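Here's the structure we're looking at; comments come further down.
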Amino acid sequence: MTQQQSGVVGSAMTDVHAEPGLNDEIAADWATWSRSLGMIALPHLRRLAEEVPELTAGMVCSGDGLNLAAIGVDGALTGRLAALSSSLFGVAGAHRQVTSGNEDDGSTMVNIAGDHQQAVLLRMEVKNVGQLVVVAAAEDVTLGVLVVAVRNTADALRQFLEGS
């Protein structure tokens, strides 16, 4: 897939970026930082595509829905996918709160399943960057395979960004 090879990095910010935990310097120059973070995330997404050849789309976005890097996604749709991906965690938390009666303690993973497609979204906290969401969608792959691959990708990206 051509877009998996080239990828889409960075995003524009239309409003003040208020991601919790985000370094002030990053927030002040989001366009540059989102491209830089995207260039760091892109090889991790490419490795995810190698690990899961059935991958149809992969993305790393901010917790508030701004694209950092995407593969297998039409460039015109990256903003929409990033916004949808981040909003799923609010919906999942609200659902869990209603069904359990407890306060939401913050969803960290969401799965969307179809007849032949699985999507896994994992939210993580990265020191000085804030929340990031790793998104993977694949055809004809088991949920377990995709969950393990997304967790590995997220862990490797977090370790790289935090220098640990």
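In this structure, the amide hydrogen of THR56, modeled 1.01 Å from its nitrogen in the peptide plane, lies closer than 5 angstrom to those of ALA137, ALA138, GLU139, counting only residues at least 5 positions away or on a different chain. Each Lys or Arg adds one and each Asp or Glu takes one away; over the other residues whose Cβ falls under 14 Å from the Cβ of ALA69, this sums to +3.
Values quoted throughout were computed directly from the atomic coordinates according to the rules given, and no laboratory measurement underlies them. All of these numbers come straight from a predicted model, not from anything done at the bench. Cβ atoms come from the backbone with ideal geometry, glycine included; neighbour counts cover every protein chain shown.
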